[in-house]
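The values are calculated or read from the model by the stated rules, or taken from the named source; none is laboratory data. These numbers were taken from a predicted model, which means no experiment stands behind them. Every residue, glycine among them, receives a Cβ derived from its backbone with ideal geometry; neighbour counts consider all protein chains shown.
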Amino acid sequence: MKIDRLIGILSILLQRDKVTSQELAEKFEVSRRTILRDIESINIAGIPIVSEQGQGGGISIMDGYKIDRTLLSSGDMQAILSGLRSLDSVSGTNRYRQLMEKLSADDMTSVNVDNHIIIDLSSWDKSAIAGKIELIKQAIEQRNLITFRYFSPGGESERRIEPYHLIFQWSAWYVWGYCTERQDYRMFKLTRMTELAITDDRCEERAVPEYTSDKLRHTRGDIHSTVRFDKSVKWRLIDEFGPQMLEYDENGDPLLTLSWSDVPALYRYLLTFGDNAEIISPEEYRKGFKELLKKISKLYET
């Protein structure tokens, strides 16, 4: 529809200083003549568009012009501003706020008054994430592969992927893409990556599947075990698994039947609870965990 295309063109002009009519034509799969008519329609609507000819030329919104924010309700503005602030919390700049100001006719006073929602997407060490996010964003936009050294429970490895999505979930940042080594789509946690670099190699043309979130992806597998937890960590169990998965013993301590990918991974998870978790069944996992605790204890023998 034409209105959808007009909104799309306006969105691109807000995010980029200048764009050519040919780029817009390819983006929206229409003729260059159609794009020029669309630009004229935007001009008629009262948004001044400047067109420069020759090398380095292109289409842009007139310098100093700001779109009237009465086009959006106050609630809309609050939602947009909260989202843009969250992105600034990662980059450490005011770039997204500056984009927001292009939507304001006068100033940001009215949308700064109600600041009840604060979304901070930065990690505990912002310097460890911000640069990686910017580099991966660049690689995605340019469709270039990235390489990095990755640290996981299985050890260190050199990875080479076609990046497709930057994802913030489970309280951390990840990149999702096609791993050339595994020949499949994988997700990598940014804080576990070092030596990150963009290559000159281009991503292959492939049918990329839709990314889907699986909150309990790491807890699904063939390993099943019933664990009793002290009631003092009930808050964490509810946070990680939800209240519906919990049962309780006669003392009110939570019981949880876990399905895990492998036994060592299950043991590593239970160690994070210290003495507030006890394997009840099966007996072989109970004995195996006991042997692991003995090995840990032996490290501290004098």
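Return a yes/no flag: does segment 203-224 have any residue that is assigned to a helix (DSSP H, G or I) and not charged (D, E, K, R).
Yes, some residue in segment 203-224 is assigned to a helix (DSSP H, G or I) and not charged (D, E, K, R).
Determine if segment 22-30 includes at least one residue that is within 35 Å of the chain's Cα centre (by Cα) and among the basic types (K, R). Reasoning before the result, please.
Residues of segment 22-30 that are within 35 Å of the chain's Cα centre (by Cα), as a first pass: 22-30.
Filter once more, keeping what is among the basic types (K, R): 27.
Yes, segment 22-30 contains a residue that is within 35 Å of the chain's Cα centre (by Cα) and among the basic types (K, R).
Quick check on my filter: what residues within segment 226-270 are outside any helix (DSSP H, G or I), acidic (D, E) and surrounded by 14 or more Cβ atoms within 10 Å (Cβ to Cβ)?
D230, D253
Does A197 satisfy the condition of being closer than 30 Å to R149 by Cα and assigned by TED's automatic domain parsing to the domain that holds L166?
In short, yes.
Kindly indicate the residue of segment 178-198 that is of a type in the set (D, E) and surrounded by fewer than 11 Cβ atoms within 10 Å (Cβ to Cβ) and also nearest to H165 (Cα to Cα) among those meeting that condition.
Within segment 178-198, the match that is nearest to H165 (Cα to Cα) is D184.
Let me spell it out: the conditions are (1) within 30 Å of I161 (Cβ to Cβ); (2) at pLDDT 95 or above, and E284 meets all of them except one. Which number is the exception?
Condition not satisfied by E284: (1).
So, in segment 195-207, how many residues would count as being under 30 Å from S171 (Cβ atoms) and either among the small types (G, A, S) or touching an Asp or Glu at 6+ places or on another chain (Cβ under 9 Å) (or both)?
The number of residues fulfilling the criteria is 3.
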